[in-house]
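Below: the structure, in structure tokens.
The values are calculated or read from the model by the stated rules, or taken from the named source; none is laboratory data. Owing to the predicted nature of the structure, the values given are computational and were not obtained by experimental measurement. Cβ atoms come from the backbone with ideal geometry, glycine included; neighbour counts cover every protein chain shown. All accessible areas refer to the heavy atoms of the entire protein, side chains included, with ligands and DNA or RNA removed. Shrake-Rupley method; radii C 1.70, N 1.55, O 1.52, S 1.80 Å.
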Amino acid sequence: MRRRVILLGPPGSGKGTVAGRLKTEFGFDHFSTGHWLRQEVAKGSALGRQAGLFLERGELVPDELVLALVKAALSQTQPDQGYLSDGFPRTLAQAVAFDTWAEVRGLGIQQVIYFECTEALVLSRITGRRSCGNCGRVYHVAMIPPKQAGRCDECGGELVQRADDTETVVRKRFQIYLRETEPLVEYYRKQGSLDVVDASQPSDEMMTRTMTLLHR
Ligand code: AMP
């Protein structure tokens, strides 16, 4: 049986990289609301048109839109399939609404892994970040380079720098993270489901620590 897990932490804390590796190396069913939203923007769907400006500005997409997206995506999920969420929930309102929705379906969160990280580290990581425009896998030009420059190891897709990965937008996203998302650390700590990863470590060590926590 797979666990139902949330990865929590600021943008650039490495949770996306760890989630991607858990998916490719261990088959975890990982989802990223940020990746889904970027896909909707690229498709030009109604949701993409509503969400696009928020993404560009580094602001959070309204709770109702994100909740609708996640509920639709998980509506067929069975409790023992588990899930691994990267980037959701991001506000207390999302967390409370999701808890209520998930509990009645037997899909309640079992474990929250918090990637603890400073703003300085986030900035240095994010400027070198590249992600696959097709599958969303995350790389870093110096720390996690792809085998072939500019191409995804996984699917051969083109690696791109996200429009919201500039220093100004990243600083803003970090402030929004502190205000809107960090309170979730206390929320889940009180529920007794929180584990912490020191996100200043290299990606391999974060991966090992996360695996240990997932198997505890
Ligand atoms: P990420 O790829 O997780 O860094 O997300 C990129 C962007 O997508 C964020 O800056 C938000 O604009 C939007 N987004 C992703 N997940 C959420 C969420 N749970 N709630 C609100 N906005 C989100």
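For the range 64-75, give me each residue that is more than 10 Å from the ligand (Cβ to nearest atom), assigned to a helix (DSSP H, G or I) and open to solvent by 20 Å² or more (accessible area, probe 1.4 Å).
Step one: filter the range 64-75 for residues more than 10 Å from the ligand (Cβ to nearest atom), giving 64, 68, 71-75.
Filter again for assigned to a helix (DSSP H, G or I), leaving 64, 68, 71-74.
Answer for the range 64-75, where residues must be more than 10 Å from the ligand (Cβ to nearest atom), assigned to a helix (DSSP H, G or I) and open to solvent by 20 Å² or more (accessible area, probe 1.4 Å): GLU64, ALA68, LYS71, ALA72, ALA73.
Looking at the range 101-122, which of its residues are within 17 Å of THR77 (Cβ to Cβ), within 16 Å of the ligand (Cβ to nearest atom) and part of a helix (DSSP H, G or I)? It would help to see each step written out before you state the result.
Our first condition is that a residue be within 17 Å of THR77 (Cβ to Cβ); within the range 101-122, this holds for 101-111.
Next, from what is left, pick out any that are within 16 Å of the ligand (Cβ to nearest atom): 101-102, 109.
Within the range 101-122, TRP101, ALA102 meet the criteria.
So VAL61 fits all but one of (1) part of a loop (DSSP other than H, G, I, E, B); (2) within 12 Å of the ligand (Cβ to nearest atom); (3) within 23 Å of ARG189 (Cα to Cα); what number is the exception?
The number of the failed condition is (3).
How many residues are more than 11 Å from ARG105 (Cα to Cα) and free of Cβ contacts under 8 Å to residues at least 24 places away in the same chain if we restrict to the range 63-80?
Adding up the residues that qualify gives 4.
Does any residue of the range 76-92 turn out to be open to solvent by less than 30 Å² (accessible area, probe 1.4 Å), part of a helix (DSSP H, G or I) and within 16 Å of the ligand (Cβ to nearest atom)? Break it down into steps so the answer makes sense when it comes.
So in the range 76-92, the residues open to solvent by less than 30 Å² (accessible area, probe 1.4 Å) come out as 77, 82-89, 91.
Then keep just the ones that are part of a helix (DSSP H, G or I); that gives none.
No: the range 76-92 contains no residue that is open to solvent by less than 30 Å² (accessible area, probe 1.4 Å), part of a helix (DSSP H, G or I) and within 16 Å of the ligand (Cβ to nearest atom).
Among residues belonging to the range 1-41 that are aliphatic (A, V, I, L, M) and free of Cβ contacts under 8 Å to residues at least 40 places away in the same chain, point out the one that is nearest to the ligand (Cβ to nearest atom). Walk me through how you get there before you give the answer.
First, the residues of the range 1-41 that are aliphatic (A, V, I, L, M): 1, 5-8, 18-19, 22, 37, 41.
Narrowing further to those that are free of Cβ contacts under 8 Å to residues at least 40 places away in the same chain: 37, 41.
Working: LEU37: 5, VAL41: 9 Å.
Only one residue fits best here, namely LEU37.
How many residues does the range 42-53 hold that are within 12 Å of the ligand (Cβ to nearest atom) and open to solvent by 60 Å² or more (accessible area, probe 1.4 Å)? Quick ask: steps written out before the conclusion?
Narrowing the range 42-53 to residues within 12 Å of the ligand (Cβ to nearest atom): 47-48, 50-53.
From what is left, the residues that are open to solvent by 60 Å² or more (accessible area, probe 1.4 Å) are 50, 53.
Of the residues in the range 42-53, 2 are within 12 Å of the ligand (Cβ to nearest atom) and open to solvent by 60 Å² or more (accessible area, probe 1.4 Å).
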